[in-house]
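Here's the structure, in structure tokens; my notes come after.
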Amino acid sequence: MAIVFKLNGAERAVDAQPAERLRDVLQREGILSARNGCDNEGTCGACAVLVDGKLLNTCLLLMGQIAGKEIRTVESMARHRQLSALQSSFLDAGIVQCGYCTPAMLLAMQGLLERAPAPTRDDVKDALSGTICRCTGYEQVHGAVDLARKRLADPDHQTKLSPEFREDLDVVGKAVRKVDGPHLARGGAAFVEDRVRPGTCHLKLLKSPHAHAYITRIDTSRAEALPGVVFVLTCENAPDVAYGSAGQGFPEPSPYDIRMFGRKVRHVGDRVAAVVAETLEIAEEALGLIDVEYEILPHVLTIEEAAAEGAPVVQNGPVEYVAGAPADLERYNAGADPRDGAILYQFPIHADPRRNLAAAVHGGIGDVEQGFAQADVILEREYSGGHVQSTPVEPHVVYTRMEGDRLVIHGSTQVPWHLRRIIARILGVPENRVRVIKERTGGAFGAKQDMVLEEVAAYCTWVTGRDILFRYTREEEFIASRTRHPMTIKVKLGAKRDGTLTAVQMDARANTGPYGGHCLTVPMNACSKALPLFLCENVRFDVKSYYSNIAPTGAYQGYGAPKGSFALQLAAAELAAELGMDHLEFLEKNRVREGVVLEILRCLGEGREGTPQRIATCGLGPALEQGAAMIHWGEVATSDDPDVRIGKGVAIIQQGSGLPGLDSANASIAMFGDGTFMLLSGGTDLGTGLDTVAVKMVSETLRVPMENISITAADTDVTPFDVGAYASSGTFFSGGAALNAAKEMRRMILEVASELLSEPTDNLELVFPGKVAGKGGSVTLDRIARHTQSGTGRGQLIATAHFITDKGSFPYGAHFCQVAVNIKTGKVTVQKYYALQDCGTPINPELALGQIYGGVLKTIGHSLYEEMVYDENGRVLNPNFADYKVPMIGDAPEDFRAILIPSDDPYGPFGGKSISEISCNGAAPALASAIHDAVGVWIRTWPFTPEKILRALGTLPDDGALQAGLRSGGTAGVKAEAG
Amino acid sequence: MVRGFHTPGSVDEAVRLKRELGPSAVFLAGGTRVNSSEFAFSPDHLISLAGLGLDSVEETADGFVLGACATVQQILEAAALPWPLRRAASQVGNRNIRQAATLGGHLGANDPCADLVPALIALDARIVLATEHGAFESTVADHVAACAVLPGPGPLAAADGQDAATGLITAVRIPRPHPCRGFGLEAFTRTASDRSIVNAAVSLSRVGERLQRPIVAIGGVGSSVLRLGQVEKILAGEALPSLGVIEDLVSAHVSPVSDVRGSAAFKRHVAGHMVARAVVVAWQGAAGGVNGAGDSHEEGR
């Protein structure tokens, strides 16, 4: 029936059923900007539009409810391509990162400004209270709204909202609207789902209801007979190829222990079958027609259970090695069960899958026993962190199609080239038959460093020739994508009375879940990004990773570092307290500083020997000094509420900038006929502003305006190779490649100019905007382009370069916070959070700040609220936003500040170091030490729930266990200690 | 799978449609519950209440009449309404939800920790129901208690203003609180947009240094919001007990269950604290304690 309403100013009669959701109808009508982030739970707000001026979630509205109403979507905001005041202010404030929830945020603020032209900070929080954004931490939206107000009065108004760096440079270190920003702010087609053509099939998964079982029989005949079903894929007809889902450099330090569809299911939500059908509804109906019989096996959920003698074996297949097979392999494989499928190691990672040991490594420097013998005080503590999920608002999604006889994959991925390599291998075709196009990603955060669903859609398209859209639901995102490894870390510290560390030992135990992606490198990273913060001659680490039947784990912004940092930094706080020493003084005494050589890094490579690094730049000194002054360190703060205690905390943090010796990035630049440029970058922009970084490298080097440089990135057919965006490599590696390509282009340009001007290249320099000047004359790039591309020229100028390095550049930071702890309810409120970070030269300062705010708020969430909770059968009890609890704007610290501490790094492009991941390392230890400062208890397991705090305070009995029947993947119980 | 979307033009027609269509039909108001994937019941028919003109918030000579389709945001913004109800409205979800969710739907959904309900109970509010046999009123406390034990697919099936057993919620009447009556309102959530884990509202009067006619309502510790009659009896006529005494008293009178949102022990502890705080705030807000005027007025009603 025709339902009449007003859409963006025009009367529309839309053919729809009254019980259809408005969001679905809007998308059908070409309004793509109402995004689906929660699958109709009504909790994420990504689909919200203005209905009669009020922001409402369109997943909760039926067409029958909107007849006669006025609907406005983000498409109504720009006048043609001209951005509105609010849209341009969002870009200038750096509040547009991935852009997936940007339309909803813009509309929330549009509605606000219409009803309250001079909104307060609380008004902004109220107006945005229903929108989840995982990228930005929300803070910069306050500045954006303020700027928009001023622009509404004066369209030319400019206010600088972020600091500027490097006066000697034009665009590097300056806030410039990100190159993909205007399109995202307009709500334009940019994401995987926006590429889908009519007639595309849908893919749905049948998932295991059991945590651990063999499939003994599977009958798909009834499903296949259902009209509209195109293809059904199970262990009976899927390729029997072992692979790993981790998008890491080849050869990977992760085992190949996954099959597309195996005989064994290893977690609740594991793949049993896939159905490809003409519609989503048919695919869902067909899932119910697949008959499966299981042989249910006992399961293990925790590290303790997995490591126990005689525990059920999660990966019991025969073991194979590409290199380094042990001599007794045949004997080891004698008891293997072929139904489990083989496990293939590229090289030994000291695994023993029969005992659920997925990987192990240990190492160190000096002699810790001697170090502990020298100590006046020894502290031994155990810290654990639960199971968290990055919840990108755009879930995992892929669109696959054939183009001729080649497979095209439109992905929301961090690793286009790894994806192509792995999928080509599974399909048994050469890589040239596969093209991966990275679309804009609606949040990735590490979860999209793994191939979570792409290979299933790719294979089904390869077999059927059909276009296929495969999109995870929010529940699937929780139970069957990738999560941060639960970990338990023992720390032993020895120190002299004066606070000098004499020995440091870290034993990390990780729960890798059913598959071994990142099983070695995540817990190793917990040590490698924590230990080098302290200067100590005697250091030892020991890492073990265990298989279990929890939801799969993988990469998540920060990798293992947030958990390692929590353990070591909190242990340092405890040691300082034990020594009767000020925490800050202890950090200052033992911290890393510029010029030192970190010998420990020799044994902390990723599955191979590492390289000791000399620390070229370290902003920790000024970060600690400035942060202490900001938070009034040492001054006691009190509350008017007799139930509330206030405390302050601090932590120091670091990360890396990509993986020296492992990572590689490439870029090429082509000069167009008028002297403008196309930059082809392999870099994978996840909403971080990496494309903008790359363009700035070229603009700065070639002295041309950014508008004269276009960029195409992360398309395996078009752009050169890049390992992808992970391990904080973007600015350093992909930005470095763009810079090197620009330098090569500069060399070529000067060579041509030298011919044209008859001057030696030494006399020549590039001059803004787009000119080469010599001593005698000058020539424009336009003329150089026409010359080179003429019938007598040397050909189009195309420069290609790559970036590799054996040098490590380490971003550093100090995070300070002030919390209020209610001793009656145990609730922790973050009153102040100051994140001071040295990322070298901040290339995009406004986006660098946004990444800090976003990383901090995510980890405040992990520290205080978020945790996947399991029942005894391994089922996740809270696979939704309402019960998992992602922080929203109302949870952000009232006084929230990110401060950039610049340093000029000699290795990074224009002195840049990484920014994103490090931001995740400070919140847990800083908050935990602030809680101790407030109420005198150390909470050593996160999240720091009110219940744990009350138990630690003795207000509730410490029954040693969480609620009956509830489990967490990291640890069997709640451990906290008053002291 | 929804087969019918009905748009009655009058309350009588809506009630008649519901009778004709039976239990597979659900009244639809804002839709924040019925249209959500969290709604456990899959109705065949939706009966929209949008055309019934039930969305007004009116002040009358002796109080307020709130239409069932008034949104939670409307209640929050209605400056004349008693503060406990407006503050309770501010605790509901987030702005996107508050602008769609309705009073009737909120009552019909009857969540165990529905944020408006404790405040309405403390305000002596009454629900107006349209039934086949005419209009009918009951207290909010009686209504939620009755709905919580209804058979069928659970309280959610009665969401968005529909109540299978007793009719359609059309309005809520709130008597104008006596100026001397004191109120306290507390809610415990983990995050800003969280559903309340435990919430409580208290109203009371003071005669001299004695508590008079206390109302204690608490959510999150039973299958619906509960009025703690035993606790009220113990408090009535007494001097203001210490916080600890009230906490222990309340904790002893509630039996929450453990779930993913908190253990029973934790909820019992927080319940005591929420009520104790609410009692103290209500006591401080109750005027006329010295001459007892407030109380005699209250009791005379």
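Restricting attention to the stretch B:170-201, which residues are open to solvent by 20 Å² or more (accessible area, probe 1.4 Å) and within 14 Å of another protein chain (Cβ to nearest Cβ)? Scanning the stretch B:170-201 gives B:Glu186, B:Ala187, B:Thr189, B:Arg190, B:Ala192, B:Ser193, B:Arg195. Looking at B:Ser251, B:Ser258, B:Ser224, B:Ser263, just one residue is closer than 20 Å to B:Thr189 by Cβ, away from chain A (no Cβ under 13 Å) and surrounded by fewer than 23 Cβ atoms within 10 Å (Cβ to Cβ), and that residue is B:Ser224. Could you list, in sequence order, the residues of the stretch B:209-221 that are over 20 Å from B:Pro177 (Cα atoms) and surrounded by fewer than 18 Cβ atoms within 10 Å (Cβ to Cβ)? If the condition is that a residue be over 20 Å from B:Pro177 (Cα atoms) and surrounded by fewer than 18 Cβ atoms within 10 Å (Cβ to Cβ), then B:Glu209 is the only one that fits. The sole residue among A:Arg115, A:Arg28 that is within 14 Å of chain B (Cβ to nearest Cβ), under 30 Å from B:Phe27 (Cβ atoms) and not aliphatic (A, V, I, L, M) is A:Arg115. The conditions of being of a type in the set (Gly, Ala, Ser), surrounded by 23 or more Cβ atoms within 10 Å (Cβ to Cβ) and either farther than 30 Å from B:Leu28 by Cα or at pLDDT 95 or above (or both) are not met by B:Gly161. Filtered by the rule that a residue be open to solvent by 50 Å² or more (accessible area, probe 1.4 Å) and within 14 Å of another protein chain (Cβ to nearest Cβ), the stretch B:10-33 gives a lone residue, B:Arg33. Quick check on the stretch A:41-56: of everything there that is more than 7 Å from chain B (Cβ to nearest Cβ) and surrounded by 24 or more Cβ atoms within 10 Å (Cβ to Cβ), which residue is nearest to A:Ser390 (Cα to Cα)? Among those residues, the one meeting the criterion is A:Cys44. Within the stretch A:74-114, the residues that satisfy the criterion of being surrounded by fewer than 23 Cβ atoms within 10 Å (Cβ to Cβ) and outside any helix (DSSP H, G or I) are A:Met77, A:Ala78, A:Arg79, A:His80, A:Arg81, A:Gln82, A:Leu83, A:Ser84. The numbered conditions (1) open to solvent by 20 Å² or more (accessible area, probe 1.4 Å); (2) in contact with a Phe, Trp or Tyr (Cβ under 9 Å, 6 or more places away or on another chain); (3) part of a loop (DSSP other than H, G, I, E, B) are all true for A:Lys125 except (3).
Is at least one residue of the stretch A:799-814 within 18 Å of A:Ser657 (Cα to Cα) and among the basic types (Lys, Arg)? Within the stretch A:799-814 (the criterion being within 18 Å of A:Ser657 (Cα to Cα) and among the basic types (Lys, Arg)), the answer is yes, since at least one residue qualifies.
The rows are residues; the columns are (1) crowded, with 17+ Cβ neighbours inside 10 Å; (2) modelled with pLDDT of 95 or more; (3) outside any loop (DSSP other than H, G, I, E, B).
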| site | (1), (2), (3) |
| --- | --- |
| A:Pro163 | no, yes, no |
| A:Val172 | yes, yes, no |
| A:Val176 | yes, yes, no |
| A:Gly187 | yes, yes, no |
| A:Lys204 | yes, yes, yes |
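Just so you know, in the stretch B:266-287 the residues that are surrounded by fewer than 21 Cβ atoms within 10 Å (Cβ to Cβ) and touching a helix residue (DSSP H, G or I) at 6+ places or on another chain (Cβ under 8 Å) include one that is nearest to B:Leu185 (Cα to Cα), and it is B:Val280. The number of residues in the stretch A:24-37 being open to solvent by 10 Å² or more (accessible area, probe 1.4 Å) and closer than 22 Å to B:Glu38 by Cβ comes to 3. Per the listing B:Val279, B:Val245, the residue uniquely farther than 22 Å from B:Gly93 by Cα, touching a Leu at 6+ places or on another chain (Cβ under 9 Å) and among the hydrophobic types (A, V, I, L, M, F, W, C) is B:Val279. Taken over the stretch B:35-53, the criterion of being closer than 23 Å to B:Val11 by Cβ and either at the interface with chain A (Cβ under 9 Å from one of its Cβ atoms) or in contact with a His (Cβ under 7 Å, 6 or more places away or on another chain) (or both) is satisfied by B:Asn35, B:His45, B:Leu46, B:Ile47, B:Ser48, B:Ala50. Per the conditions (1) open to solvent by less than 40 Å² (accessible area, probe 1.4 Å); (2) within 14 Å of chain A (Cβ to nearest Cβ), the sole criterion not satisfied by B:Ser205 is (2).
Take A:Arg271 and tell me if it is in contact with a helix residue (DSSP H, G or I) (Cβ under 9 Å, 6 or more places away or on another chain) and on the phi < 0 side of the Ramachandran plot. Spelling it out, A:Arg271 is indeed in contact with a helix residue (DSSP H, G or I) (Cβ under 9 Å, 6 or more places away or on another chain) and on the phi < 0 side of the Ramachandran plot. For the stretch A:681-690, does any single residue satisfy the condition of being surrounded by fewer than 24 Cβ atoms within 10 Å (Cβ to Cβ) and in a strand (DSSP E or B)? No: the stretch A:681-690 contains no residue that is surrounded by fewer than 24 Cβ atoms within 10 Å (Cβ to Cβ) and in a strand (DSSP E or B).
For (1) more than 10 Å from chain B (Cβ to nearest Cβ); (2) in a loop (DSSP other than H, G, I, E, B); (3) closer than 24 Å to A:Pro486 by Cα, each residue gets a yes or a no:
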position	(1), (2), (3)
A:Lys858	yes, no, yes
A:Gly874	yes, yes, yes
A:Pro879	yes, yes, yes
A:Ala882	no, no, yes
A:Pro887	no, yes, yes
A:Phe896	yes, no, no
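Do you know which of the residues in the stretch B:82-93 that are of a type in the set (A, V, I, L, M, F, W, C) and open to solvent by less than 10 Å² (accessible area, probe 1.4 Å) is nearest to the other protein chains (Cβ to nearest Cβ)? Applying the filter and picking the extreme gives B:Ala89. In the stretch A:340-369, which residues are open to solvent by less than 20 Å² (accessible area, probe 1.4 Å), within 21 Å of A:Lys264 (Cα to Cα) and not aliphatic (A, V, I, L, M)? If the condition is that a residue be open to solvent by less than 20 Å² (accessible area, probe 1.4 Å), within 21 Å of A:Lys264 (Cα to Cα) and not aliphatic (A, V, I, L, M), then A:Asp340, A:Gly341, A:Tyr345, A:Pro353, A:Asn356 are the ones that fit. Please verify whether B:Val72 is open to solvent by less than 20 Å² (accessible area, probe 1.4 Å), touching an Asp or Glu at 6+ places or on another chain (Cβ under 6 Å), β-branched (Val, Ile, Thr) and within 21 Å of B:Asn35 (Cα to Cα), treating the condition exactly as stated. Taking the combined requirement at face value, the residue does not satisfy it. Consider the stretch B:85-110 and keep the residues that are among the charged types (D, E, K, R) and more than 24 Å from B:Pro214 (Cβ to Cβ). The one that is farthest from the chain's Cα centre (by Cα) is B:Arg95. Among the residues of the stretch B:34-48, those that are buried (at least 18 other Cβ atoms within 10 Å of the Cβ) and out of contact with any Phe, Trp or Tyr (no Cβ under 6 Å at 6 or more places or on another chain) comprise B:Val34, B:Asn35, B:Ser36, B:Phe39, B:Pro43, B:His45, B:Ser48.
Would you point out which residue out of A:Ala561, A:Ala577, A:Ala572 is closer than 25 Å to A:Ile931 by Cβ, touching a Lys or Arg at 6+ places or on another chain (Cβ under 8 Å), in contact (Cβ under 8 Å) with a residue 60 or more places away in the chain and of a type in the set (A, V, I, L, M)?
Details: A:Ala577 fails: touching a Lys or Arg at 6+ places or on another chain (Cβ under 8 Å); A:Ala572 fails: touching a Lys or Arg at 6+ places or on another chain (Cβ under 8 Å).
The conditions single out A:Ala561.
Residues in the stretch A:593-610 that are surrounded by fewer than 19 Cβ atoms within 10 Å (Cβ to Cβ) and either under 24 Å from A:Ala495 (Cβ atoms) or more than 26 Å from the chain's Cα centre (by Cα) (or both): A:Arg593, A:Glu594, A:Gly595, A:Val596, A:Val597, A:Glu599, A:Arg602, A:Glu609.
The values are calculated or read from the model by the stated rules, or taken from the named source; none is laboratory data. Since the structure is predicted, the reported quantities are computational estimates derived from the model, not experimental observations. Neighbour counts run over all protein chains shown; Cβ positions are idealised from the backbone, glycine included. The area values use the complete protein model at the heavy-atom level, side chains included, leaving out ligands, DNA and RNA. Shrake-Rupley method; radii C 1.70, N 1.55, O 1.52, S 1.80 Å.
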